[in-house]
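Asker: To start, I am sharing the structure in question, which I have written as structure tokens.
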Amino acid sequence: MKLSDFDFDLPEGLIATRPARPRTSARLLLAEGDRISDRHVHDLLDIFRPGDRLVLNNTKVLPARLLGTRQRGDAVAKVEITLLEPRAVGWRALAKPLRKLQLGEVIRFSDRLSASVAEKTETDLTLAFELTGDDFDAALAEAGVMPLPPYIAAKRAADDQDRTDYQTVFARHAGAVAAPTASLHFDEQLLQALADKGVDFTEVTLHVGAGTFLPVKVEDVTTHRMHAEWGRVTAAAAAEINATRRAGGRVIPVGTTALRLIESAAGADGVLHPWEGETDIFIYPGYRFRVTDALMTNFHLPKSTLMMLVSALMGEERIRSIYGHAIREGYRFFSYGDSSLLIPDA
């Protein structure tokens, strides 16, 4: 299985740098087996059925990008930090420039927020912040900006609007440095309308890491090693999903993060179990889905692990057809782009 099998040409103009407004006005490509139709996210009210269960990732994106300074004598230099994940002491982070930073050196981000370099490797470092708990969260909210994906950040800087746009309406548990972007299309009104129709919801938590943007560098994709991300499926969440499966309803994760988490927590028999820990599950063609009946997801980068995941769900040839249709019809791609609902043949 070659990396080139998951490549395609994407016109630069189809990369979205802002989301649709209102959220539910985004376009939706509905793929049911071999059938494709062009809809909008608000049409989900007509597409989903009573008894369907949507699985939502309730992680909350941190304003994880920080601009600071370090001082040596009279010399002051700028430092750019991107937080990656919490450690037992401090945070693992990327830094620009990494090479010039020294162990023990203090980086100041605001009057309230500063950190010292506790550890350093060739690729990243660990920062020990002076503040912890709610005090740290409040200072980070003031000093940080949203960590937009590289393909957006290359086109424009993050601004205050991204604090709302790059966060789901059901974000509850802080810890992600990237958004579960399929969920950005929902607003409170659509969620309530779906609930009134009889669609059920289950929340799980997977803290999306910056590794989600790392390129695949091996030609034989089966040898690729996935990054690990922390997640939790509560006993109540597992019970809800299992009940839907027993009743014959469809389990539909909203986003690849929710899908990867519930597939990690499921046994070979398809029964979901309470689960907490790090998952590095890698889903590519040939994978047998244990829980997932369909997937709502945005359009993904060429040669990415997420292209491999949707190819596993729908089939490689079918996904090529779906993406070809999306490009011809001018769908907007990636994190702030349009959405798709992928329903494989039964």
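The values are calculated or read from the model by the stated rules, or taken from the named source; none is laboratory data. Predicted model, so just to flag it, every value in this text is computed and none were measured. Methodologically, a virtual Cβ is constructed for each residue, glycine included, from the backbone with ideal geometry; neighbour enumeration extends over all protein chains shown. The accessibility values were calculated without ligands, DNA or RNA, using every heavy atom of the protein model including side chains. Shrake-Rupley method; radii C 1.70, N 1.55, O 1.52, S 1.80 Å.
Asker: With unit charges on the beta carbon (Lys/Arg positive, Asp/Glu negative), name the residue among L272, S304, F282 whose Cα is farthest towards the positive pole of the charge dipole of region 253-330.
Answerer: Final value for the positive-end residue is S304.
Asker: In addition: Charges at C-beta only: +1 for Lys and Arg, -1 for Asp and Glu. How large is the resulting dipole of region 298-346 about its Cα centre, in Debye rounded to 20?
Answerer: 160
Asker: On to the next question. Could you compute the FRET efficiency for R18 and R87, with r as their C-beta to C-beta distance and R0 at 35 Å, rounded to 0.05?
Answerer: FRET efficiency, R18 to R87: 0.55.
Asker: Tell me, what HN-Hα J-couplings in whole Hz come from the Karplus equation 6.51 cos²θ - 1.76 cosθ + 1.60 at θ = phi - 60° for each residue of region 185-197, using x for Gly and Pro?
Answerer: 7, 8, 10, 4, 5, 5, 4, 5, 5, 5, 4, 5, 6
Asker: Take peptides 228-240, 302-314 and line them up by average Cβ neighbours within 10 Å, highest first, as a rough protection proxy.
Answerer: The most tightly packed comes first, giving 302-314, 228-240.
Asker: On full extension of the chain, what length is gained from A193 through R49, given 0.36 nm per residue of separation minus the C-alpha to C-alpha distance?
Answerer: Net length gain for the segment: 50.6 nm.
Asker: Measuring from label point to label point, each 7 Å out along Cα→Cβ, what is the R112 to A243 span in nm?
Answerer: Distance between label points: 4.1 nm.
Asker: Ordered by packing density, taken as the mean number of other Cβ atoms within 10 Å over each peptide's residues, highest first, how do 64-76, 83-95 rank?
Answerer: 83-95, 64-76
Asker: What accessible surface, in Å², does a 1.4 Å probe find on E130, ignoring ligands, DNA and RNA and rounding to the nearest 10?
Answerer: That residue has around 130 Å² of solvent-accessible surface.
Asker: Please figure out what share of the DSSP beta bridges in region 44-175 is antiparallel and state it in percent, rounded to the nearest 5.
Answerer: 95
Asker: What net charge do the residues around L28 carry, taking every other residue with its C-beta under 13 Å from that of L28, with Lys and Arg at +1 and Asp and Glu at -1?
Answerer: -2
Asker: Measuring from centroid to centroid over Cα atoms, what is the spacing of region 148-205 and region 90-142 in Å?
Answerer: What the calculation gives is 27 Å, centre to centre.
Asker: So if I place +1 on the C-beta of Lys and Arg and -1 on the C-beta of Asp and Glu, and nothing else carries charge, what would the dipole magnitude of the chain be about its Cα centre? I want it in debye, nearest 20.
Answerer: The dipole magnitude comes to about 460 debye.
Asker: Got a number for carbon plus sulfur as a percent of the chain's accessible area, 1.4 Å probe?
Answerer: Carbon and sulfur: 49 percent of the exposed surface of the chain.
Asker: Still on this structure, I have one more. Test of understanding: express the Cα radius of gyration of region 152-305 as a ratio to 2.2 N^0.38 Å, with N the residue count.
Answerer: Its radius of gyration relative to the 2.2 N^0.38 Å reference: 1.09.
Asker: Can I ask one more? Would you mind checking the tilt of helix 256-265 against the longest principal axis of the Cα atoms of the chain, expressed as 0 to 90 degrees and rounded to 10?
Answerer: Helix 256-265 sits at roughly 80 degrees to that axis.
Asker: How far apart, in nm, are two points set 7 Å out from the Cα along the Cα-to-Cβ line at K155 and at K2?
Answerer: Placing both labels 7 Å along Cα→Cβ, they lie 3.0 nm apart.
Asker: A further question follows. Please give the charge dipole size of region 1-57, origin at the Cα centre, charges +1 on K and R Cβ atoms and -1 on D and E Cβ atoms. Round to the nearest 20 debye.
Answerer: 380
Asker: Between T223 and T121, what is the FRET efficiency for a Förster distance of 25 Å, r being their Cβ-Cβ separation, to the nearest 0.05?
Answerer: Given R0 = 25 Å and the Cβ-Cβ separation, E is 0.60.
Asker: Rolling a 1.4 angstrom probe over the protein chains, ignoring ligands and nucleic acids, what is the accessible area of D9 in square angstrom, nearest 10?
Answerer: About 140 Å², rounded to the nearest 10.
Asker: Could you work out how much longer the chain between S25 and E278 gets when fully extended? Use 0.36 nm per residue separation minus the Cα distance between them, nm to one decimal.
Answerer: Residue separation times 0.36 nm, minus the Cα-Cα distance, leaves 87.6 nm.
Asker: Sticking with this one: Quick one: compute the contact order of the chain, relative version, from alpha carbon pairs under 8 angstrom and 6+ residues apart, as a percent.
Answerer: 25
Asker: Same structure, new question: Name the shape class, rounded, prolate or oblate, that the alpha-carbon gyration tensor gives for region 10-52, where a ≥ b ≥ c are the square roots of its eigenvalues, rounded holds for a/c under 1.5, and otherwise prolate holds if a/b is larger than b/c and oblate otherwise.
Answerer: oblate
Asker: Using alpha carbon centroids, what distance separates region 252-283 and region 20-83, in Å?
Answerer: One Cα centre to the other: 20 Å.
Asker: Over the chain, average the accessible area per residue using a 1.4 Å probe and give it in Å², no decimals.
Answerer: For the chain, the per-residue accessible area is 45 Å².
Asker: For region 293-346, which GluC sites (Glu not before Pro) are in a loop by DSSP, counting at most 16 other Cβ atoms within 10 Å?
Answerer: E329
Asker: Just name one of V89, P63, F8: the one whose Cα is farthest towards the positive end of the charge dipole of region 5-99 (beta-carbon charges, Lys/Arg +1, Asp/Glu -1).
Answerer: Checking the options against the dipole of region 5-99, the answer is V89.
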